[in-house]
Amino acid sequence: MKQAIFTENLGRVYKLRGGKKEDPRELVALDGVNVEVAQGELFGLLGPNGAGKTTLIKILTTLLSPTTGRAEVAGFDVDRQPEQVRPRINMVSGGESSGYGLLTVRENLWMFAQFYGIPSKIANARIKEMLEIVGLGDRINTKSSDLSTGLRQKMNIVRGFLTDPDVLFLDEPTLGLDVGAARDVRKFIRAWMEESADRTLLLTTHYMVEADDLCDRVAIINGGKVLACDTPANLKHSLQRDALFRLEVSPLNGLSPEIFEAIPGVRKTVHRPRDGRSVLEFILEEENVLAAVMSSLTENDLTVMNLQKREPTLEDVFVELVGKSMSEVEHGGG
Amino acid sequence: MAVGERVFMARGIRKNTGARLFIQTVLARAYPRVIGQQREKSWVFFDIALPMIAVSSYVFVYRAIGAPDDYVGFVVMGGAMTAFWLNVLWSMSSQLYWEKETGNLGLYIMAPNSLMAILLGMALGGMLATTMRALVITVLGSWFFDVNFVVTSYFQLFAVFMLTMVALYGMGMMFASLFLLLSREAWHWSNLAQEPVYLASGFYFPIKSFNFWIAAGASIIPLTLGMDAMRQLVFETGPTLGFASVPLEIGVLTGLAVLFLVGARWLLRYMERLAIREGRITESRR
Amino acid sequence: MAASETIANAGRPVARFWHSFRTAAWLGWQIESNWTDLLVFAIYSIIKPLASSAILVVMYAIITGGNFESPVFPYIYLGNAFYQYVGAIMAGISWAVIEDREHYRTLKYIYVAPLNIPSYLLGRGIARFLTGTISVAVVVLTGVLFLKVPVDPALVNWPLFLVSLLIGVIMLAMMGLILAGITLLIANHVWFLGEGVAGALYLFSGAIFPLEVLPAWLRPVGFAMPITYWLELIRRSLVGQVAEAFPTLAGFSSGELLAILAGMTVLFGTASIFIFRRCDHLARERGMIDMTTNY
């Protein structure tokens with residue numbers, strides 16, 4: 001099968017301002033990334049903020065050079081042959097403010113279509129049809145500065161699909177959208193992919209549900225490294241051997257959740273305070289270990305209010321790989 | 001039609017390339033400027049009336065110190081030409097910095113068009129306001145201050161003006177490529193390039209007043225020789241105050257036009273690659 | 001300042017004014033001084049004002065054959081030097097609206113915060129005033145050292161100079177506030193409004209030529225401008241006799257000029273409050289506080 005995206009040992013290091021000659025400050029944004037995306041695949045890149053997702057997209061869309069390694073998109077090297085790559089791609093970022101506020105939705109989209117060489121007649125017809133599909137048909141002549149954030153993002157998404165690229169990059173496309181709008185966007189993405197087998201889409205997100213729902217394969221990235229890459233089902237199955245339980249207990253009041261990891265058979269414990277309670281999620285080697293956990297809870301004067309056995313999610317996979325939940329990584333770093 | 005029910009996106013839509021894409025890009029990028037000026041007409045006052053008043057100040061300075069009448073004409077001409085210099089500085093050179101700030105620069109670079117086409121579109125789009133400003137200052141200034149024009153050759157005048165514009169906008173594109181690497185400094189460098197250029201290029205007086213080497217050095221800015229030649233062609237005392245002969249200045253302007261256009265093409269490509277290497281395309285360092 | 005203090009200040013106008021002004025002054029300085037290269041800043045502060053003055057110096061030198069002893073020259077030179085304050089302060093204040101609204105996109109948050117908006121904008125102008133002061137000093141010093149501008153520190157009327165300068169700066173700040181109000185209602189492409197208006201006022205303020213040179217029907221505009229009186233006072237305090245060589249305001253004593261300047265400052269100050277309030281109200285009504293219009 002043809003490869004739409006290929007990276008080999010891709011790395012990117014940023015030099016930070018304020019560094020001294022003898023102690024240059026650097027940030028390793030990507031480190032030895034190897035990714036292969038087949039043509040026709042909807043590929044997800046899942047990771048917390050600061051994991052390197054956007055850096056990878058910037059390299060693949062020819063906006064940033066790699067420091068090490070190489071990457072190819074649609075069969076062309078992104079660093080050496082950007083002019084060959086660009087006619088074949090497009091990108092949409094979440095929360096972007098592209099275009100000009102004084103122009104209408106139609107005018108902004110027409111302008112970007114021109115940059116790709118699409119004749120005006122064809123562009124205008126596509127714009128009209130696609131705006132209807134995303135539910136912006138009645139706002140075609142509205143100035144983009146008058147749109148709400150969600151509608152503006154829908155306009156941006158249309159901008160990305162308008163040029164019918166061979167490879168489309170979506171960087172957190174549903175960021176800032178309400179639930180309904182996000183659902184519409186996902187439907188749109190799925191329909192677009194299903195319509196033609198030679199379209200490829202790379203989607204970055206930190207929403208597990210989105211990656212699980214949409215992607216043929218998912219790469220989990222953190223700290224600039226790809227930790228795992230497989231279908232969502234396979235990734236979750238890798239945890240099937242473990243038992244996952246979710247318990248709601250009385251507040252821990254300073255008790256460290258790590259004490260439970262000392263119990264034999266407890267692989268990981270994740271703690272989330274919620275509404276005056278503590279939610280503890282356990283990854284156990286086997287179900288029998290639960291009894292020991294319950295005893296430990298009792299010994300520490302914690303009351304169990306709710307107990308659920310769960311199927312593994314991509315969040316669990318992430319925890320297994322990184323040792324922390326995604327939100328813990330975002331708040332605490334690393 | 002519900003989302004996802006049917007998606008009209010036939011594969012293989014026709015996309016222009018080459019010269020057609022270049023022209024499409026130029027027109028598309030000019031469009032927001034032109035439309036913006038139609039929809040927000042406050043520029044008519046601020047971009048024309050205010051500069052007209054500022055130019056008048058220099059006229060009255062010359063009158064206060066007893067300058068010959070032709071010097072008033074020099075001020076009117078210089079005032080008109082500032083419109084083009086400011087258009088190059090603010091609507092072209094440093095504009096890529098603003099595009100970066102608003103998130104459009106990455107989208108422009110990622111598209112298969114040429115950055116030169118984008119810049120040309122910006123310049124053309126601003127040309128309406130620029131040309132109006134120059135015309136109004138020339139017409140009203142000449143009328144208010146009783147400026148006498150004695151044109152010796154319309155053909156040469158047209159040639160000088162067009163060559164000056166081509167060279168000037170080529171230079172602007174070269175600056176724009178340098179500005180790809182700058183962030184907030186772009187604004188300051190553009191600001192810095194106003195008065196020193198008015199001085200060195202002799203916007204309000206003949207550059208012959210400077211010593212030869214200063215005037216020669218300043219000739220790298222197309223407006224220097226452009227205005228010097230125009231002064232010789234439209235004012236009675238112009239020829240006696242010219243730095244070099246008009247044919248020579250036309251020759252130099254032609255050379256500058258070629259040099260800057262070729263230089264712009266090369267420099268834009270080089271700077272774009274450098275900016276991509278250093279990650280300056282999408283960073284926003286306010 | 002703790003949140004509780006901020007809340008307490010909400011009901012105390014003077015404290016709120018000072019808090020807003022002080023915070024904005026700090027912010028304005030952070031923005032202005034955030035140069036990646038100090039050398040560029042130094043060049044900018046020296047070359048730009050000197051070039052502006054040099055245009056006039058060259059124009060004068062060509063026509064008069066370099067007669068810098070004539071009283072006309074210090075009239076032009078000093079008027080132009082101090083006129084830089086007009087652009088710096090007026091532009092500095094009105095520019096803050098454009099910067100915060102279009103570039104930093106923070107204007108809406110400023111409005112939502114318990115700040116006094118006019119004093120916030122005035123505070124933002126402080127940094128430009130400081131950099132303007134450097135420019136003025138450089139130009140005056142250059143004129144004294146190299147162009148025989150007859151400013152003798154021993155003969156300068158320092159009290160008159162300082163008082164005139166202070167009242168003048170306040171007057172310019174009030175005018176800047178009027179422009180800031182207007183800026184709230186217009187698009188980004190008129191970002192140069194402050195400098196544009198300063199350029200236009202150049203004509204009417206007697207900065208670089210006596211008002212007598214203007215056509216008779218335009219002179220009343222000059223007499224209605226407080227900048228005219230301010231520049232006259234500055235020139236009188238710095239070069240005394242030379243300034244008196246021009247008949248324009250010779251009939252007024254320095255005290256009378258000060259009184260006129262102070263009165264006009266109060267007038268502009270009052271007008272600025274009303275105009276700003278009106279513009280502010282219109283901007284809110286039209287939803288323009290958070291608009292972005294760059295194209």
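For the range A:49-152, applying the loop criterion from DSSP together with a ceiling of 15 other beta carbons within 10 Å to the trypsin sites (Lys or Arg not before Pro) yields A:Arg80.
Entry note, the range A:39-160: relative contact order of 22 percent, from Cα contacts under 8 Å with a spacing of 6+ residues. Using Cα centres only, tell me the gap between the range B:33-91 and the range A:130-205 in whole Å. Between the Cα centres of the range B:33-91 and the range A:130-205 lies a distance of 46 Å. Per residue, the convex hull around the alpha carbon atoms of chain C comes to 161 Å³.
In the protein assembly as shown, taking the dipole from charged Cβ atoms about the Cα centre, the farthest positive-side position among A:Leu321, B:Leu261, C:Ala127 is held by B:Leu261.
Normalised by residue number, the volume inside the convex hull of the Cα atoms of chain A is 175 Å³ per residue.
Distance from the Cα centre of the range A:212-266 to that of the range B:133-155, in angstrom? Measuring centre to centre over Cα atoms gives 78 Å. Calculate, for B:Thr254 and B:Arg20, the FRET efficiency according to 1/(1 + (r/R0)^6) with r their C-beta to C-beta distance and R0 35 Å; round to the nearest 0.05. Once the sixth-power term is evaluated, E becomes 0.80. Between chain A and chain B, roughly 4600 Å² of accessible surface gets buried, counting both sides and using a 1.4 Å probe. Packing, taken as the mean count of other beta carbons within 10 Å per residue, orders the peptides C:98-106, B:100-108 from highest to lowest as B:100-108, C:98-106.
Computed from point charges on the beta carbon alone (+1 for Lys and Arg, -1 for Asp and Glu), the dipole magnitude for the protein assembly as shown about its Cα centre is near 1380 Debye. When chain B is treated as a GNM with alpha-carbon contacts under 10 Å, the residue of B:Arg14, B:Arg33, B:Arg63 showing the greatest mean-square fluctuation is B:Arg14. Taking every Cα-Cα distance in the range C:1-159 and sorting them into 5 Å bins from zero, the calculated P(r) comes out as 2, 8, 14, 16, 14, 12, 10, 8, 7, 5, 3, 1, 0, 0 percent.
The H on the amide N of A:Thr142, modeled in the peptide plane, is under 5 Å from the matching H of A:Val105, A:Arg106, each at least 5 residues off or on a different chain.
Label separation (A:Glu194 vs C:Arg284): 5.0 nm, computed from points 7 Å beyond Cα along the C-beta direction. For a modelled paramagnetic label at A:Ser148, 7 Å from Cα along Cα-to-Cβ, no residue of the range A:200-217 is in reach, as no backbone nitrogen comes under 20 Å. Could you tell me how many degrees, from 0 to 90 and to the nearest 10, lie between the Cα long axis of helix A:120-134 and the main elongation axis, the longest principal axis, of the Cα atoms of chain A? On a 0 to 90 degree scale, this one is about 30. Counting only residues at least eight positions apart within a chain, or on another chain, the lysines with an alpha carbon under 23 Å from that of A:Lys225 are A:Lys15, A:Lys53, A:Lys58, A:Lys236, A:Lys268, A:Lys324.
A Förster distance of 41 Å, applied to the separation of the beta-carbon atoms of B:Lys41 and B:Glu236, puts the FRET efficiency at 0.60.
If you line up the long axis of helix C:72-98 against the longest principal axis of chain C, both from Cα atoms, how many degrees apart are they, to the nearest 10? Rounded to the nearest ten degrees, it is 10.
Out of the range A:230-334, which GluC sites (Glu not before Pro) are coil in DSSP terms and have no more than 11 other C-beta atoms within 10 Å? When the GluC sites (Glu not before Pro) of the range A:230-334 are filtered for loop state and at most 11 Cβ neighbours within 10 Å, A:Glu286 remain. How high is the relative contact order of the range C:161-295, in percent, counting Cα pairs under 8 Å that sit 6 or more residues apart? Relative contact order, the range C:161-295: 43 percent.
The lysines within cross-link reach of C:Lys148, meaning a Cα-to-Cα straight distance under 26 Å and a gap of 8 or more places when in the same chain, are B:Lys208, C:Lys48.
Taking every protein chain into account, the accessible area of the protein assembly as shown amounts to 40 square angstrom per residue (probe 1.4 Å).
Taking only protein heavy atoms and a 1.4 Å probe, the accessible area of chain C is 70% carbon and sulfur. Here the protein assembly as shown is treated as a Stokes sphere of Kirkwood radius computed over C-alpha pairs; at 25 °C and 0.890 mPa s its diffusion coefficient rounds to 79 µm²/s.
Between C:Val156 and A:Leu321, the distance separating the two model label sites (each 7 Å from Cα on the Cα→Cβ line) works out to 6.9 nm.
When the solvent-accessible area of chain A is split by element, carbon and sulfur atoms take up 47 percent of it, the probe being 1.4 Å. Once you reduce the range C:191-224 and the range A:287-323 to the center of their Cα atoms, the two points are 79 Å from each other. Taking Cα atoms only, the orientation of helix B:18-39 departs from the longest principal axis of chain B by about 70 degrees.
A convex hull fitted around the alpha carbon atoms of the range B:56-172 yields 119 Å³ per residue.
Dipole orientation for the range A:230-299: of the candidates A:Thr269, A:Pro232, A:Val293, A:Pro232 has the Cα lying most toward the positive pole (charges on Cβ; Lys, Arg +1; Asp, Glu -1).
Remark: the range B:63-172 carries a charge dipole of roughly 140 debye about the Cα centre, counting +1 on each Lys and Arg Cβ and -1 on each Asp and Glu Cβ. Computed log10 I(q)/I(0) for the range C:51-145 at 0.23, 0.26 Å⁻¹: -1.08, -1.25, from the Debye equation with unit scatterers placed on every C-alpha and solvent omitted. Residues of the range A:135-164 falling in the label zone of A:Asp178, defined by backbone nitrogen less than 12 Å from a point 7 Å along Cα to beta-carbon, are A:148-151.
With distances taken between every two different alpha-carbon atoms, chain B has a Kirkwood hydrodynamic radius of 20.5 Å. Computed log10 I(q)/I(0) for the range A:184-334 at 0.13 Å⁻¹: -0.67, from the Debye equation with unit scatterers placed on every C-alpha and solvent omitted. The charge dipole of the range B:29-90, taken about the Cα centre with unit charges on the Cβ atoms of Lys, Arg (+1) and Asp, Glu (-1), comes to about 340 debye, rounded to the nearest 20. Annotation note: chymotrypsin sites (Phe, Trp or Tyr not before Pro) in the range A:234-334 located in DSSP loop regions with a Cβ neighbour count of at most 10 within 10 Å are absent. A Förster distance of 41 Å, applied to the separation of the beta-carbon atoms of C:Ala250 and A:Leu16, puts the FRET efficiency at 0.05. For the range A:181-222, the square roots a ≥ b ≥ c of the C-alpha gyration tensor eigenvalues yield an a/c of 1.5 or more together with a/b not exceeding b/c, which makes the shape oblate. For the range C:208-229, accessible area lost to neighbouring protein chains reaches 20 Å² or more, against the chain alone with a 1.4 Å probe, at C:Ile208, C:Phe209, C:Val213.
Take every pair of alpha-carbon atoms less than 8 Å apart whose residues are at least six positions apart; their mean separation over the length of the range B:180-236 yields a relative contact order of 28 percent.
Interface residues of the range B:14-46, defined as those losing at least 40 Å² of solvent-accessible heavy-atom surface relative to the isolated chain (probe radius 1.4 Å), are listed as B:Arg14, B:Lys15, B:Gln24, B:Ala28, B:Tyr31, B:Pro32, B:Arg39, B:Glu40, B:Phe46. Note on chain B: with neighbouring protein chains present and a 1.4 Å probe, carbon and sulfur make up 68 percent of its accessible heavy-atom surface.
The values are calculated or read from the model by the stated rules, or taken from the named source; none is laboratory data. All values reported here derive from a predicted model rather than from experimental measurement. Here the Cβ is made from the backbone with ideal geometry for all residues, glycine too, and neighbour counts use every protein chain on show. With ligands, DNA and RNA removed, areas are computed over all heavy atoms of the protein, side chains included. Shrake-Rupley method; radii C 1.70, N 1.55, O 1.52, S 1.80 Å.
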